[in-house]
Amino acid sequence: MTIAEPEVVDLDTPRGPMRTTVFRPSAPGKYPGLVMYSEIFQLTGPIRRTAAMFAGHGFVVACPEIYHELEPAGTVLAYDNAGTERGNAHKTTKELVSYDDDAKAVLHFLKTSPHTNGRLGALGICIGGHLAFRAAMNPEVLAATCFYPTDIHKRGLGKGMNDNSLDRIPEIGGELLLIFGRQDPHVPKEGRYLIHKALDEAGVNYQWHEFNGAHAFLRDEGLRYDPENARIAYGMALDLFRRKLHEGDLAVVTTASTETRH
């Protein structure tokens, strides 16, 4: 479906206004809401196109500026060495609690929006994948997709670089989809194994997929872009969100037992 002109709103947070861009279908009605987290560069062209794609498939997508208290509203960092250094510096300057407060602000916005049906999910790319992982610790998040989430395995998010994402995995009640590139040096095999093991031990409902791809294989700018892997990965995310946020889980009762299964 076609989408409306993106709307820019400033959401209240404990550390000041957070510029957020909202993409949604143009057709009237109520749709599921998605909070979508960017890479360290904030709302670049590839991020905006990804958000527009999800909106065109029937979701209200809210993209917050993850460094709103560190950069002027509307700042987009370049995909170059200077932008990378600045984005990575912000990643470990911002307080961990601030990331969580931001998630609550966007989720509240989506929950109360006249354009949503109240069913919420989260997704993110790179650092955004980690932020979507943490957003899933909020009970209203029914599903989350984490595209090559960085720093979970080494507890490297936020000031002090000692985050508790692994410890808080039992708080995740919705379904997760985690997607990695095997050739991604930011999340090596040992790091992926650590996350996988922690999810298993916590009994989380999750899917796990690894592609033969480099870091940023979703980004449709640059030499690491893999359009076929991106097509499949986005399809997996859409399947998850449609199932969990549109139809939801259908209970099936077997004839051999009165136990309700999902």
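The values are calculated or read from the model by the stated rules, or taken from the named source; none is laboratory data. Computed from a predicted model, the values in this text were never measured in an experiment. Cβ sites come from the backbone with ideal geometry, for glycine too, and all protein chains shown count toward neighbours.
Among the residues of region 114-135, just one is over 21 Å from I47 (Cα atoms) and of a type in the set (G, A, S), namely G118. When residues in region 153-170 are screened for being surrounded by 20 or more Cβ atoms within 10 Å (Cβ to Cβ), of a type in the set (A, V, I, L, M, F, W, C) and more than 19 Å from Y67 (Cα to Cα), 1 of them pass. Only residues that are more than 27 Å from K244 (Cα to Cα) and not small (G, A, S) were counted across region 205-219, and they come to 2. Residues that are in contact (Cβ under 8 Å) with a residue 60 or more places away in the chain and under 14 Å from Y37 (Cβ atoms) number at least 1 in the following strands (runs of 3 or more DSSP E) confined to region 123-225: 141-147. All conditions but one from (1) over 16 Å from the mean Cα position of the chain (by Cα); (2) crowded, with 17+ Cβ neighbours inside 10 Å; (3) within 20 Å of Y148 (Cβ to Cβ) apply to G124; the one that does not is (1).
If you take the residues in region 36-50 that are aliphatic (A, V, I, L, M) and touching a residue at least 40 places away in the same chain (Cβ under 8 Å), which one is surrounded by the fewest Cβ atoms within 10 Å (Cβ to Cβ)? It comes out as I40. Please find, among L177, L142, L107, the residue that is closer than 19 Å to L194 by Cβ and not aromatic (F, W, Y). Answer to the check: L177. Of all residues being hydrophobic (A, V, I, L, M, F, W, C) and closer than 18 Å to L199 by Cα in region 148-169, which is nearest to the chain's Cα centre (by Cα)? Just the residue, please. Within region 148-169, the match that is nearest to the chain's Cα centre (by Cα) is I152.
For residues that are part of a strand (DSSP E or B) and touching a Pro at 6+ places or on another chain (Cβ under 7 Å), scanning just region 103-119, find the one that is nearest to L166 (Cα to Cα). That would be R119. Residues that are within 23 Å of G33 (Cβ to Cβ) and assigned to a loop (DSSP other than H, G, I, E, B): does region 73-90 have at least one? The answer is yes; a qualifying residue exists. Scanning region 224-262 for residues that are modelled with pLDDT under 95 and not polar (S, T, N, Q) yields a total of 12. Checking T13, T75, T2, T50 one by one, the residue that is closer than 17 Å to G124 by Cβ, modelled with pLDDT of 95 or more and among the β-branched types (V, I, T) is T50 and no other. Please work out if H186 is surrounded by 18 or more Cβ atoms within 10 Å (Cβ to Cβ), within 16 Å of G124 (Cα to Cα) and of a type outside the set (A, V, I, L, M, F, W, C). Yes; evaluated as a whole, the condition is true for this residue. Yes or no: region 57-64 includes at least one residue that is farther than 23 Å from R219 by Cβ, in contact (Cβ under 8 Å) with a residue 40 or more places away in the chain and in contact with a His (Cβ under 7 Å, 6 or more places away or on another chain). Yes; the residues of region 57-64 include at least one that is farther than 23 Å from R219 by Cβ, in contact (Cβ under 8 Å) with a residue 40 or more places away in the chain and in contact with a His (Cβ under 7 Å, 6 or more places away or on another chain).
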